[in-house]
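One structure is given below, encoded as structure tokens.
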Amino acid sequence: MLKTVVSEGIHVRAAAVINRLLGFEGTVVDDVCFTDTAMVVQVRLRSQVLVCPCGRTSRARYDRSRRKWRHVDFGRYRVVIEAEIRRVDCRGCGQVRSEWMPWARPGARHTRDFEDMACWLAKRMSKSAAAALLGTTWQTVDHLVARLVDTHLDSERLDAIYRIGVDEIAYRRGRKFLTVVADHDTGRVVFVGEGRRQDVFGRFLESLGEDGRARIEAVSMDMTAIYRGAATTHVPHAAICLDPFHVIKWAGEALDLAYQTCREQGVKIAVAGLTPAQTWQKARGALRQPAGQHDPTRTAIIEQLRRKHPRIHHAWRLKEDLRRLYQVPTSDAADHLRRWINRAKRSGINAFVTLARRLRRHRTGILNAIHLQLSNSLLESINAGIRLIQRRSHGYADLDNLIEMIHLCHGGITTSLPTETH
Ligand SMILES: [Zn+2]
């Protein structure tokens, strides 16, 4: 039961204060009532003119009813906004719709401020923490996030994407995978699909329509072959860019193989104060590190390897030289890569002969990445963000939830606190 606890004179002043605190545009507070836990604020629109959510105004009222919206708490009180809402028989959209309200989105049961706050919080903390702070349930927070993401996904966000990156992202402790597509120009996630098969990526490309696909100029990806097929089938004109990081990783793996072979052959290297095992451990570190970062001990080890085991030293130089592919002027990259492939082929080091063949096969993709300056590092950072979302929510039992959260946090959805807009 509602009880008015204010006398007539104070009533008017209290209403003005509440009106100010709410800050709803074009709205007047008529009455404020208290229950044990909630403050119920009766409001009404100042204007008699009906505004349809489509923007068209009308005087043709269809019917009216009273409705309540949950608002952000004031102190320890829940705040409920109550108002009469009219339906308008709109000529613009040809339907009967509830009128536009300044404090809530069409169809919402919470005020705009409440919804914005819930989504702002959900971006930064677990849904249960956000719910506790707002005095609601996590299911409500979840529902509000879903509504916001839904609106966002309906918009024409795919109309202006030209350069995209695709990658697989693990969830459920690495047992399952998602395919994530991001826009290089905005840094946003534009698609998340279940599984890491090429048809998942293919489905996304299909959804772009003919014009959308024609606009795609470049697709960056790692060196695994999963998504390459879909790209060549659906956007054959687009430049496939193979991630530099993975090229360097391959070189590192080839060097590791050469190192193992060298160690097994019993070559002796020594550093004062270190056991042979420790020396080899250090040697491995030295080989992996870029030359410029070596301390004197590591420089000495590399020098010993040069004298005692020219082959491993040669392998190290090949790896270093491949790194330089990403530092030479772009116009020299093709020559640099061609020369590198020839040298690696002639090196007689099995791991590098194999790598040379591999790089020759992927030559175009590697050079595209250099010319267009695209890598998959955007996807790597999104991946890190997705791991954070999963940690925060203790593993996400529900896949739809996870996908929603990825769109909320990485899809370019802006969320702001009510206090930021005033
Ligand atoms: Zn309308």
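For the reader, a short list of remarks on this structure follows.
- Unmet criterion (only one of (1) touching a Ser or Thr at 6+ places or on another chain (Cβ under 9 Å); (2) under 30 Å from Q139 (Cβ atoms)) for C90: (2)
Residue-wise test of (1) buried (at least 17 other Cβ atoms within 10 Å of the Cβ); (2) acidic (D, E); (3) under 30 Å from V96 (Cα atoms); (4) modelled with pLDDT under 90.
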residue	(1), (2), (3), (4)
A14	no, no, no, yes
E25	no, yes, yes, no
M39	yes, no, no, no
V43	yes, no, yes, no
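- For segment 93-128, a residue qualifies if it is among the aliphatic types (A, V, I, L, M), more than 21 Å from V40 (Cβ to Cβ) and under 28 Å from the mean Cα position of the chain (by Cα), and the qualifying residues are L121, A122, M125.
Rundown of residues vs (1) more than 29 Å from G165 (Cα to Cα); (2) surrounded by 15 or more Cβ atoms within 10 Å (Cβ to Cβ); (3) within 32 Å of the chain's Cα centre (by Cα), yes/no style:
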site	(1), (2), (3)
H294	yes, yes, no
T299	yes, no, no
A315	yes, yes, no
H336	no, yes, no
N342	yes, no, no
N376	no, yes, yes
H394	no, no, yes
D398	no, no, yes
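- Selection from segment 84-112 of residues that are surrounded by 23 or more Cβ atoms within 10 Å (Cβ to Cβ) and either touching a strand residue (DSSP E or B) at 6+ places or on another chain (Cβ under 6 Å) or among the polar types (S, T, N, Q) (or both): V88, A104, H110, T111
- Any hit, segment 322-333, residues being in contact (Cβ under 8 Å) with a residue 24 or more places away in the chain, aliphatic (A, V, I, L, M) and farther than 23 Å from H184 by Cα: yes
- Within segment 338-391, being more than 18 Å from D222 (Cα to Cα) and not in a helix (DSSP H, G or I) holds for S347, G348, I349.
- Pairs meeting the criteria (first residue in segment 219-233 and within 16 Å of N368 (Cα to Cα), second residue of a type in the set (D, E, K, R) and assigned to a loop (DSSP other than H, G, I, E, B), beta carbons under 8 Å, at least 6 apart or on different chains) are S220/D243; M221/D243; D222/D243; M223/D243.
- Scanning segment 41-52 for residues that are more than 15 Å from A16 (Cα to Cα) and either more than 16 Å from the ligand (Cβ to nearest atom) or in contact with an Asp or Glu (Cβ under 9 Å, 6 or more places away or on another chain) (or both) returns S47, Q48, L50, V51, C52.
- Here H143 meets each of (1) of a type outside the set (S, T, Y); (2) surrounded by fewer than 17 Cβ atoms within 10 Å (Cβ to Cβ); (3) in contact (Cβ under 8 Å) with a residue 40 or more places away in the chain; (4) more than 16 Å from the ligand (Cβ to nearest atom) with one exception, condition (3).
- Any hit, segment 302-310, residues being within 22 Å of K345 (Cα to Cα) and free of Cβ contacts under 8 Å to residues at least 12 places away in the same chain: yes
- Test: L133 is surrounded by 15 or more Cβ atoms within 10 Å (Cβ to Cβ) and assigned to a helix (DSSP H, G or I): no
- Among (1) free of Cβ contacts under 8 Å to residues at least 40 places away in the same chain; (2) surrounded by 14 or more Cβ atoms within 10 Å (Cβ to Cβ); (3) of a type in the set (K, R), the one test that R59 misses: (2)
- Segment 81-124: number of residues that are outside any strand (DSSP E or B), within 14 Å of the ligand (Cβ to nearest atom) and touching a residue at least 24 places away in the same chain (Cβ under 8 Å): 7
- Selected residue [assigned to a helix (DSSP H, G or I) and in contact with an Asp or Glu (Cβ under 6 Å, 6 or more places away or on another chain)] from V190, V149, V141, V200: V149
- Answer residue from segment 61-80, given it is of a type outside the set (D, E, K, R) and within 18 Å of G107 (Cβ to Cβ) and is nearest to the ligand (Cβ to nearest atom) among those: Y62
- In this structure, G285 does satisfy being small (G, A, S) and in contact with a helix residue (DSSP H, G or I) (Cβ under 8 Å, 6 or more places away or on another chain).
- Selection within segment 157-214 - crowded, with 18+ Cβ neighbours inside 10 Å, over 19 Å from I403 (Cα atoms) and charged (D, E, K, R): R163
- Selection of first residues in segment 25-54 that are aromatic (F, W, Y) and of second residues that are within 16 Å of the ligand (Cβ to nearest atom), restricted to Cβ pairs under 9 Å at least 6 apart or on distinct chains, gives an empty result.
- Among the residues making up segment 403-422, those that are part of a helix (DSSP H, G or I) and at pLDDT 90 or above are I403, E404, M405, I406, H407, L408, C409, H410.
The values are calculated or read from the model by the stated rules, or taken from the named source; none is laboratory data. Nothing here was measured: the structure is a model prediction, and the numbers come from that model. Cβ sites come from the backbone with ideal geometry, for glycine too, and all protein chains shown count toward neighbours.
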